[in-house]
Amino acid sequence: MSPARVLPYGRVEPVFPDSSLAIVGIGVQYPPYACKPQDLKKLALRHYRRTPALQKILAINENTGIDTRSVSCTIDHPLLNKPEPPTVDELSDFFLSEGVKLAVDASRRAIEEWGGDVSELTHLVATTCTNSANPGYDYYVARDLGVTGSVERTLLHGVGCAGGLAALRTAANIALLASYLHRPARVLVVASELVSPLARSELESLTQNQELRIGVTLYSDGASALVLSNGVGDTHGEKPLYDLLAWDSRTLPDTEKDITFDVHPNGWKVNLTPRVPALSCAAVPPLFNSLLRRTPSFAHLPYPPLAQDFDWALHPSGTKVISGVQKLLNLTPDHLRASYDVYKNHGNTSSATLFSILDRLRRMGEGREHAVACAFGPGVTVEMCILRKSLHYNRACSLSSEYMDFFS
């Protein structure tokens, strides 16, 4: 391991070891239904009068840049059409049915691609911000997958849209310790979110209190999972999809009111202040530069790489955040092609979005050798990691895609 850098006030900035952590399987599962902008408008006007706040939200709804949002229940589902919005216990029951199913399906896809057996998993790290059951939903995911009781489970709470990368960071730290102890680590990382059932609650607050609650126009449902390996005891010839080179997290001071997602009798309430795009964008360059200095893969270079040398898997909090980071770092839409694609076709699936973007990115041709994954959550907290893509895998995906285009 390279020595740490000593910063002002005695703070130490650690340098990452030359670890062998790799993502060896990714799985994504979206629900079967799609919500278009006109569907949200139809649901809103079915239950609420045209107040100024509702009119403004419906106008925003038409200009989010999202064509369709993946949802677990259509606007005609009984849960969204009772006299009152669903209660938190009704929403929890729905999540522990549908949200768990999505998580299990995504996990099975990731495990199948990895090629190992469920019995070889050593840890399960999960996150969600749309359920707070005890035991947590990870218990039911483990049960339905057939994961043994000896697997160590960790469920993250309070990390919101940054949850996927926060869970990956947690898994990486666990796997590094296992490597230090010469023990195998195969960590299943899972994120699952059901936000669409909260639409009635959000619309209710919007019309009663005349609040601008833009979350109802952005968020969608889905689950994603990955398997992280430290390579110790590999008997399957694991093929890395991404090598995990560096990771970190930063929380901006005095921002606890800017992104919130708090419990309510009718579910959870999303709050995003107008400061969020500027705060999120401004936080990216310092964390990116910090990670560059501590990534051994770049130590031999005469100059550190630039932001434009990477593909970017950026969490699509909204068009202002994506375009703001793009402009700030002098990127092109091609650098962010996977983020734009997932946002346009599925919406913002909160913590589950980022792994979906990584999955999409690897299927869009070789691109650049390295990628940066970045997400924003309550706090405001920024999660980031640097990855090296497996070019031989991407090349195979690209050729497969070309053959599919030829025969279609």
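The values are calculated or read from the model by the stated rules, or taken from the named source; none is laboratory data. Values in this document were obtained by computation on a predicted structure and should not be read as measured data. Neighbour counts run over all protein chains shown; Cβ positions are idealised from the backbone, glycine included.
How many residues are assigned to a loop (DSSP other than H, G, I, E, B) and either at pLDDT 95 or above or not charged (D, E, K, R) (or both) if we restrict to region 288-318?
Summing the residues that are assigned to a loop (DSSP other than H, G, I, E, B) and either at pLDDT 95 or above or not charged (D, E, K, R) (or both) in region 288-318 gives 13.
Step by step: first the residues of region 215-254, then only those that are of a type in the set (S, T, N, Q) and closer than 30 Å to residue 298 by Cβ, then the one that is surrounded by the fewest Cβ atoms within 10 Å (Cβ to Cβ). Which residue is that?
It comes out as 251.
Evaluate region 149-163: report whether one residue or more is over 20 Å from residue 185 (Cα atoms) and without any contact (Cβ under 8 Å) to a residue 60 or more places away in the chain.
Checked against the condition, which is being over 20 Å from residue 185 (Cα atoms) and without any contact (Cβ under 8 Å) to a residue 60 or more places away in the chain, region 149-163 yields at least one hit.
Restricting attention to region 58-74, which residues are within 20 Å of residue 268 (Cβ to Cβ), among the hydrophobic types (A, V, I, L, M, F, W, C) and in a loop (DSSP other than H, G, I, E, B)?
Answer for region 58-74, where residues must be within 20 Å of residue 268 (Cβ to Cβ), among the hydrophobic types (A, V, I, L, M, F, W, C) and in a loop (DSSP other than H, G, I, E, B): just 73.
Residue under question is residue 321, and the condition is that it be under 17 Å from residue 160 (Cα atoms), assigned to a strand (DSSP E or B), in contact (Cβ under 8 Å) with a residue 12 or more places away in the chain and not aromatic (Phe, Trp, Tyr); does it hold?
no
Residue check: is residue 98 acidic (Asp, Glu), buried (at least 18 other Cβ atoms within 10 Å of the Cβ) and in contact (Cβ under 8 Å) with a residue 60 or more places away in the chain?
yes
Please state which of the following conditions residue 119 fails to meet, knowing it meets all the rest: (1) surrounded by fewer than 15 Cβ atoms within 10 Å (Cβ to Cβ); (2) under 22 Å from the mean Cα position of the chain (by Cα).
(2)
With the structure loaded, tell me whether residue 179 is out of contact with any Lys or Arg (no Cβ under 8 Å at 6 or more places or on another chain) and either surrounded by fewer than 24 Cβ atoms within 10 Å (Cβ to Cβ) or basic (Lys, Arg) (or both) or whether it fails that test.
Spelling it out, residue 179 is indeed out of contact with any Lys or Arg (no Cβ under 8 Å at 6 or more places or on another chain) and either surrounded by fewer than 24 Cβ atoms within 10 Å (Cβ to Cβ) or basic (Lys, Arg) (or both).
What about residue 295, is it under 29 Å from residue 254 (Cα atoms) and of a type in the set (Ser, Thr, Tyr)?
no
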